[in-house]
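Trainee: I have a structure here, written as structure tokens, and I will follow up with some questions on it.
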């Protein structure tokens, strides 16, 4: 029921270059472009604007296959996963996909050689970082796992390492946060955004029994959450394990109505809501 709305709203944000603005009237941004394409690929396969956006992302790809947040920040390469998902399996962008896939398979977050006593997770597991050469965290690792799985790399050792890292960072009471389990002896609390994307990455690789507490956490907070990122990630995470809520359409509409009070949502938020509105499981 939301397809035409999201297609229209996302379409307004494309520039003549093929890039997409964070909000209408602003300059285009790489992550906004990738998320908009990702959503349009499902909403309207073959969409001309999505095709223009894919070409735009191709012009932003660096020689090593990565796609950085901005051209003057070449080491901030976490958007590579988003770009790879935007190109998906489109044969017209096979060269871009091959290069981005190879970059992700070869890159890894920093690991520590010795396990500090105060850190509750395994510091030797390599995932993916936000910035090249820094420590691995849950969200960039989850996005890389999703992107590489979409390219048929689900059995690659790097993907298996990423899955192991995600499971290792799961909190004792279920769920995930940015990627730390305990600080100064205190167990940290989960966040819906991190939990939802982690569950999406784990789909097909773990049994429901392993992540039961995480699913219970998302189900428990779902009725009270109205913000776009949290709501969409909860829906996507639950849907990945066949627990899609029955009132998704109603909740998404209530969330979209918040724009009447607070102004238009950023493109990335609209795109994730669009994905949540579709049952992709």
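The values are calculated or read from the model by the stated rules, or taken from the named source; none is laboratory data. Keep in mind that this is a model prediction, so the values were computed, not measured. Reconstructed Cβ throughout: ideal geometry from the backbone, glycine too, with neighbour counts over all protein chains shown.
Trainee: How many residues, within region 131-156, are in a loop (DSSP other than H, G, I, E, B) and either touching a residue at least 40 places away in the same chain (Cβ under 8 Å) or in contact with a strand residue (DSSP E or B) (Cβ under 9 Å, 6 or more places away or on another chain) (or both)?
Mentor: Final tally of qualifying residues: 9.
Trainee: Considering only region 45-79, how many residues are touching a helix residue (DSSP H, G or I) at 6+ places or on another chain (Cβ under 6 Å), in contact (Cβ under 8 Å) with a residue 40 or more places away in the chain and closer than 22 Å to residue 158 by Cα?
Mentor: Selection size over region 45-79: 3.
Trainee: Check every one of the helices (runs of 4 or more DSSP H) wholly within region 182-281 and list those with 1 or more residues that are surrounded by 20 or more Cβ atoms within 10 Å (Cβ to Cβ) and under 20 Å from the mean Cα position of the chain (by Cα).
Mentor: 192-202, 212-221, 228-240, 248-257, 267-277
Trainee: Can you tell which of 55, 10, 85 is assigned to a helix (DSSP H, G or I) and crowded, with 24+ Cβ neighbours inside 10 Å? Can you show your working first?
Mentor: Working: 55 fails: crowded, with 24+ Cβ neighbours inside 10 Å; 85 fails: crowded, with 24+ Cβ neighbours inside 10 Å.
The conditions single out 10.
Trainee: Further question on the same structure: How many residues does region 90-131 hold that are over 15 Å from the mean Cα position of the chain (by Cα) and within 20 Å of residue 169 (Cβ to Cβ)? Walk me through it before giving the result.
Mentor: Filtering region 90-131 down to residues over 15 Å from the mean Cα position of the chain (by Cα) leaves 90-103, 105-126, 131.
From the residues that got through so far, the ones that are within 20 Å of residue 169 (Cβ to Cβ) too are 107-126, 131.
Summing the residues that are over 15 Å from the mean Cα position of the chain (by Cα) and within 20 Å of residue 169 (Cβ to Cβ) in region 90-131 gives 21.
Trainee: Would you be able to say whether some residue in region 157-173 is part of a strand (DSSP E or B) and either out of contact with any helix residue (DSSP H, G or I) (no Cβ under 9 Å at 6 or more places or on another chain) or within 16 Å of residue 122 (Cα to Cα) (or both)? Walk me through it before giving the result.
Mentor: Of the residues in region 157-173, the ones part of a strand (DSSP E or B) are none.
No: region 157-173 contains no residue that is part of a strand (DSSP E or B) and either out of contact with any helix residue (DSSP H, G or I) (no Cβ under 9 Å at 6 or more places or on another chain) or within 16 Å of residue 122 (Cα to Cα) (or both).
Trainee: I'd like to know if region 88-96 contains one or more residues that are surrounded by 16 or more Cβ atoms within 10 Å (Cβ to Cβ), closer than 19 Å to residue 197 by Cβ and either modelled with pLDDT under 95 or touching a strand residue (DSSP E or B) at 6+ places or on another chain (Cβ under 9 Å) (or both).
Mentor: For region 88-96, residues surrounded by 16 or more Cβ atoms within 10 Å (Cβ to Cβ), closer than 19 Å to residue 197 by Cβ and either modelled with pLDDT under 95 or touching a strand residue (DSSP E or B) at 6+ places or on another chain (Cβ under 9 Å) (or both): present.
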